[in-house]
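Taking it in order: structure first as structure tokens, then the write-up.
FYI, it's all coordinate maths here, none of it is from the lab. What you see is a predicted model; the values in this text were computed from it and never measured. Please note: Cβ atoms are built from the backbone with ideal geometry, for glycine as well, and neighbour counts cover all protein chains shown.
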Amino acid sequence: MTLTTEALDDTLPRVPWGEWFETGVTWLTEHGGFVFDGVTTAVEGVVDGLVDVLMLPPPLVLTAILALLALFLRGWKLAVFTLLGFGLIESIELWSDAMDSLALVLVAALVSVLLAIPIGIAAARNDTVSRIVRPVLDLMQTMPAFVYLIPAIFFFSVGVVPGVVATVIFSLPPGVRLTELGIRGVDREMVEAGEAFGATPRGILTGIQVPLAMPSIMAGVNQLIMLSLSMVVIAGMVGAGGLGGVVLDGINRVNIAKGFEGGTAVVVLAIFLDRITSALGDRSAVARATAKV
Amino acid sequence: MSLLRAESVTKVFGRKAAEADRKLKAGADAAEIRRLGVTPAVVDASFEVERGEIFVVMGLSGSGKSTLIRMLNGLLDVTSGRVLIDGQDIAALPRKALRAVRQEKVSMVFQHFALFPHRTVLANAAYGLEVRGVSKEERESKAREFLGLVGLEGWEDKLPGQLSGGMKQRVGLARALASGTDIILMDEAFSALDPLIRREVQDLLLDLQGRLGKTIVFITHDLNEAMRLGDRIAVMREGRIVQIGTAEEILTDPANDYVAQFVADVDRTRVLTAASVMEKPLVTVPANTGPRTALRTLRENQAAAAFVLERDRRLVGTVSAKVIADAVADGERPLAELVTQDVPPVPPETPVADLFARAAESDLPVPVTDKRGTLLGVIPRVTLLAALGAINTHVDEVIEATDPSPEAPVLVKEGSDVDD
């Protein structure tokens, strides 16, 4: 029995699947270096700039500003939470790490949104695009993050940039999917109404489809930001620092207290960003119009 | 020339649409077409809609009427055939020109209103003009005007979500009217409304139509609605138009079994008018006749009363045999003095339903006169009852008969006219 199985095993040659990928990565590093360098410079510049801005006011002043924002967009409960949460981050001396992570997440989320919405719209308007995009998104979502972290280090070396890139890859899919879903879900009659009165496809997109899909698109943006935050620790592994670095340090040294503190700071950021973005979603014209009914 | 014209318009859904279309033209049967894996939604539909007319397309769901209306403004492409708007074949137009046609010539009202929830009522009503590039000031004043016309003054700043169904469709109507197109397509526009509201907006539409004289194509599955609104009605079945005619033509002369079955449930008394059931008056006397002659005419016809007419057949009133007999006994008096106006005449377009009360009030037939007062005919009580009776027997016939009688249940009988 064993003999036959071995014989069978030999009949199927090994496909150099991983080697192909590696060859591709190597080729890209050699020939696309200038592109990656450009991306590195740009992303680093933006993240550093944002960190500088966030670190400009004293921590308690920024905390107060964020609390006011929470009060204005959401209500007093979130404002109180913001005061307590960000106060706690400052008190456990993680403020600068938290701002590093916040900057990274915001930049990654922004890049993600800027990519996700146009791709989602294209997928909603064209079935072929949709059929191509879907498996790519599946791949991005299910492929373990470490797998594309390695080539990312190849391309961008260690630091903030591979962290941002990995975060974008991981957080892009829900943004694309919910944008596509939202636009495809717009009542057929609404689109027909636009067509029947002679509106251009662009006019229908900007005047009818996007506004009507806005609640769904904003849900996608919200999900995208939450996934970005969940990547903070993994970004820490490639040297992006921030709260991810703190948590990793805690793990490496089996320092329960430090790990927990870093984790708590991530959760505070997550809750704040989630409530703020969902509040923004509720403020879209369509969401307000339907809420009044 | 008619404003809107469809020439053997055919729409087949599916990959082998063109092949199916050829086979349909060659006379292939339904089974053969189905084998191609296609759905023929509209087959060889031809009609013309005249300026200022309400043209109703009626059929059950799946009969292709929604597909048909969407080809009239190019929302769907025709598989074959032509749609002419103002003599222009819209299927042949490039996109940009087609958009111009939609902006300037054809607007649409939708079944589920299709109002934009994030725009105010005013901005919704102004949408057509906005797309056309009309300035904000001008389009808003136009929108306000038409919102007022549909009875929504004071609601301009509300959002559609705050309106009831009937009000939403008034906005839909205002949006179509404000865009200023001659043609308005209405796709099951009132079907989503409950019956009382539906009647209300039907009245509104008829009232507006009387004032604005638009050319309307109205899709419905409700026969009563079709009969109420339509100047002419096209009945569709399985993608084909089986009959085009006025409400009365379709009711009294259904083209086939299907149409007959369809119209069996209609409240005929609302559709049939005085003109379609009236008879020639049996006994009339000229106004200048002497009482004795008049009395003799009545007795010869064994009639208890008669209509008195001027020489140009204008109705003066009625006289009864008893009154004349008394007058003759008393002495010679001119007939004019004996005439009474006990039975007021009705115009020919009065629905039969409104005649029953009239007929019950008096023993005499109800006279039907035109605007000048000329006597067109009379409706005796017996005729009304016969009309009801005939309706019932007709319905029974339709249900049982496999081959419906092509003969219309026309209720006008030949009567003898004493005067002529």
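Kindly rank B:211-217, B:33-39 from highest to lowest mean number of other beta carbons found within 10 Å of each residue.
Details: B:211-217: 18.6, B:33-39: 15.7.
By packing density, highest mean first, the sequence is B:211-217, B:33-39.
Give, in whole angstrom and from largest to smallest, the semi-axes √(5λ) of the equivalent ellipsoid of the stretch A:30-291, with λ running over the eigenvalues of the Cα gyration tensor. Could you put the intermediate results ahead of the total?
On the way: eigenvalues 232, 125, 44 Å².
In descending order, the three semi-axes are 34, 25, 15 Å.
Given only helices, namely DSSP H runs of n ≥ 4 each adding -39500 (n - 2.57), what is the per-residue ellipticity at 222 nm of the protein assembly as shown, to the nearest 500 deg cm²/dmol? Kindly include the intermediate steps, with their values, before the conclusion.
Numbers: 34 runs with 411 residues, N = 713.
Computed mean residue ellipticity for the protein assembly as shown: -18000 deg cm²/dmol.
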Candidates B:Gly27, B:Gly373, B:Gly172, ranked by Gaussian network fluctuation over chain B, Cα under 10 Å, top entry = B:Gly27
Work out from phi, with θ = phi - 60° and the Karplus expression 6.51 cos²θ - 1.76 cosθ + 1.60, the ³J(HN,Hα) of each residue of the stretch B:45-56, listed in order in whole Hz, and give x for Gly and Pro.
-> 8, 10, 6, 10, 10, 7, 4, x, 9, 9, 9, 9
Dipole of the stretch B:275-383, Cα-centred, from +1 at each Lys and Arg C-beta and -1 at each Asp and Glu C-beta, to the nearest 20 debye?
-> 260 debye
Sequence-distant residues sharing a close amide H with B:Ala189 (under 5 Å, placed H) | B:Ile219
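Fewest to most neighbouring Cβ within 10 Å: what's the order for A:Met143, A:Met237, A:Met99? Could you put the intermediate results ahead of the total?
On the way: A:Met143 12, A:Met237 19, A:Met99 22.
So the residues, fewest neighbours to most, are A:Met143, A:Met237, A:Met99.
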Long-range amide H partners of B:Ala305 with built H, under 5 Å | B:Ala321
What residue among B:Pro160, B:Ala255, B:Ser191 has its Cα farthest toward the positive end of the dipole of the stretch B:101-255, where the charges are +1 on Lys, Arg and -1 on Asp, Glu, each on the Cβ?
-> B:Pro160
What list of ³J(HN,Hα) values in whole Hz, one per residue of the stretch B:372-382 in order, does the Karplus curve 6.51 cos²θ - 1.76 cosθ + 1.60 (θ = phi - 60°) give from phi, with Gly and Pro shown as x?
-> 7, x, 5, 6, 8, x, 9, 10, x, 4, 4
Could you check which residue among B:Arg22, B:Arg70, B:Arg381 shows the biggest mean-square fluctuation in a GNM of chain B with a 10 Å Cα cutoff?
-> B:Arg22
Just the Cα atoms of the protein assembly as shown: what Rg and Dmax do they give in Å?
-> 39.1, 139
Could you please state, rounded to a whole Å, how far the C-alpha centre of the stretch A:27-68 is from the C-alpha centre of the stretch B:78-126?
-> 49 Å
Relative contact order of chain B, defined on C-alpha pairs under 8 angstrom at six or more residues apart (%) = 15 percent
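Rank-order A:187-196, A:66-75 by packing density, defined as the average count of other C-beta atoms within 10 Å over each peptide's residues, highest first. Before the final figure, lay out each step's value.
Details: A:187-196: 19.8, A:66-75: 16.4.
Packing order, densest peptide first, comes out as A:187-196, A:66-75.
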Counting other Cβ atoms within 10 Å of each Cβ, which GluC sites (Glu not before Pro) in the stretch B:284-373 have at most 11 and sit in a DSSP loop?
-> B:Glu332, B:Glu349
Descending packing, highest mean Cβ count within 10 Å first, for B:279-287, A:128-136 is B:279-287, A:128-136
List the residues whose amide H sits under 5 Å from the amide H of B:Glu279, counting only those 5 or more places along or on another chain, with H placed 1.01 Å from N in the peptide plane.
-> B:Val378, B:Ile379
Could you work out the mean count of beta carbons from other protein chains within 10 Å of each residue's beta carbon in B:153-160?
-> 1
Determine, for B:Ser8, B:Ser66, A:Ser230, the number of other Cβ atoms within 10 Å of each Cβ, and report the residues in order from fewest to most.
-> B:Ser8, A:Ser230, B:Ser66
Where Lys and Arg each count +1 and Asp and Glu each count -1, what net charge lies around A:Leu280 among other residues with Cβ under 15 Å from its Cβ?
-> +2
Taking Cα centroids, how far is the stretch B:133-159 from the stretch B:207-283 in Å?
-> 34 Å
Order by neighbour count: B:Val201, A:Val246, fewest other Cβ atoms within 10 Å first, most last.
-> B:Val201, A:Val246
For peptide B:93-99, compute the average count of partner chain beta-carbon atoms within 10 Å of each residue's beta-carbon.
-> 2
Partner shielding of B:106-119, as the mean number of partner chain Cβ atoms within 10 Å, equals 6
Who wins for biggest fluctuation among A:Val268, A:Val80, A:Val160 in a Gaussian network model of chain A, springs between alpha carbons below 10 Å?
-> A:Val80
Would you kindly derive the ³J(HN,Hα) couplings of the stretch A:237-244 from the backbone phi angles with the Karplus curve 6.51 cos²θ - 1.76 cosθ + 1.60 (θ = phi - 60°), listing them in order in whole Hz, with x for Gly and Pro?
-> 5, 9, x, 6, x, x, 5, x
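How high is the relative contact order of the stretch A:30-291, in percent, counting Cα pairs under 8 Å that sit 6 or more residues apart? Walk me through the numbers before you get to the answer.
Working: 338 pairs, mean separation 59.8, N = 262.
Over the stretch A:30-291, the number comes to 23 percent.
Compute for the stretch B:275-383: radius of gyration divided by Kirkwood radius, i.e. Rg/Rh, restricted to C-alpha atoms, rounded to two decimals. The partial results should precede the final answer.
Numbers: Rg = 13.7 Å, Rh = 14.1 Å.
We get a ratio of 0.97 for the stretch B:275-383.
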Can you spot the lysines whose alpha carbon is less than 28 Å from B:Lys136's alpha carbon? Ignore those fewer than 8 places along the same chain.
-> A:Lys292, B:Lys96, B:Lys105, B:Lys158, B:Lys168, B:Lys214
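For chain B, how big is the tail of P(r) above 37 Å, as a whole percent of Cα pairs?
Numbers: 36200 of 87990 pairs.
Here the tail beyond 37 Å accounts for 41 percent of pairs.
What does the charge count around B:Gly317 come to, taking other residues whose C-beta lies under 13 Å from its C-beta (Lys +1, Arg +1, Asp -1, Glu -1)?
Working: positive: B:Arg314; negative: B:Glu310, B:Glu337, B:Asp342.
Value of the local net charge: -2.
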